[in-house]
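Structure record follows, encoded as structure tokens.
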Amino acid sequence: MAAILKEFCSYSDGCTISGKKDALVNIGGWLALDDEEALSGSQQPRCGYEGLHTYGGMAGRDMEAMARGIVESVQDDHIRARVGQVEYLGHKLLEWGIPIVRPIGGHAVYLDAKAFYPHLPQDQFPAQTLAAELYVDSGVRAMERGIVSAGRDKVTGEHLYPKLELVRLTIPRRVLLRPIWT
């Protein structure tokens, strides 16, 4: 998996990595660019918020944990287990008749909020409503990926209307479930 990731990145101009989702730690992430000028420009505003660009505001123990997490996160067994957990949840939701986006991804399952609330127009925030109701009802935290996340037009202030109204259910790292492939 590491070799595939390295080759994949060799074709791109840059990437961002979430430490929480991809490097198995509770904080941080990084931005990698192959353009020195763009990289330099990205470092200036960050200093005021996160400290020097050399450590990104992270404590030494968190950087050490991230370094270990990077090694572990590209191992085939980890990827297989991670994707298996997401597939397991996705298939369970489908069995229960819950409308989700298909195919099931490798990082998260996305609930189709428009299918939950077909009577709500987008400017009444169906994905935000579903995420809030999910939390109130079950304590499950989810991420709205619809009109709220899309933001507003900088000139007019009007809502931007994405085609989809989704709620992302991200599987926390290092969660143990019975794999579906056994």
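Quick one: would you say ALA131 is buried (at least 18 other Cβ atoms within 10 Å of the Cβ) and under 27 Å from GLY29 (Cα atoms)? In short, yes. Just one residue in the set VAL83, VAL71 is closer than 17 Å to PRO172 by Cα and either open to solvent by 90 Å² or more (accessible area, probe 1.4 Å) or at pLDDT 85 or above (or both); that residue is VAL83. Selection of first residues in the range 52-69 that are under 12 Å from TRP30 (Cβ atoms) and assigned to a helix (DSSP H, G or I) and of second residues that are of a type outside the set (S, T, N, Q) and at pLDDT 85 or above, restricted to Cβ pairs under 7 Å at least 6 apart or on distinct chains, gives an empty result. When the range 16-31 is filtered for residues that are open to solvent by less than 40 Å² (accessible area, probe 1.4 Å) and assigned to a strand (DSSP E or B), the ones remaining, listed by number, are SER18, GLY29. For the range 134-149, a residue qualifies if it is out of contact with any helix residue (DSSP H, G or I) (no Cβ under 9 Å at 6 or more places or on another chain) and either over 19 Å from PHE116 (Cα atoms) or open to solvent by 100 Å² or more (accessible area, probe 1.4 Å) (or both), and the qualifying residues are TYR135, VAL136, ASP137.
Looking across the range 150-182, the residues that are open to solvent by 80 Å² or more (accessible area, probe 1.4 Å), of a type in the set (A, V, I, L, M, F, W, C) and modelled with pLDDT of 95 or more come down to VAL155, LEU164. Evaluate the range 89-98: report whether one residue or more is within 26 Å of GLY28 (Cβ to Cβ), in a helix (DSSP H, G or I) and in contact (Cβ under 8 Å) with a residue 12 or more places away in the chain. Yes, there is a match, as at least one residue in the range 89-98 is within 26 Å of GLY28 (Cβ to Cβ), in a helix (DSSP H, G or I) and in contact (Cβ under 8 Å) with a residue 12 or more places away in the chain. Residue-level check: of (1) surrounded by 18 or more Cβ atoms within 10 Å (Cβ to Cβ); (2) out of contact with any Pro (no Cβ under 9 Å at 6 or more places or on another chain); (3) without any contact (Cβ under 8 Å) to a residue 60 or more places away in the chain; (4) of a type outside the set (Asp, Glu), VAL109 misses just (3).
The values are calculated or read from the model by the stated rules, or taken from the named source; none is laboratory data. All figures in this text were calculated on a predicted structure; none of them were measured in a lab. Every residue, glycine among them, receives a Cβ derived from its backbone with ideal geometry; neighbour counts consider all protein chains shown. For the accessible areas, the whole protein counts, side chains as well, though only heavy atoms, and no ligand, DNA or RNA atoms are used. Shrake-Rupley method; radii C 1.70, N 1.55, O 1.52, S 1.80 Å.
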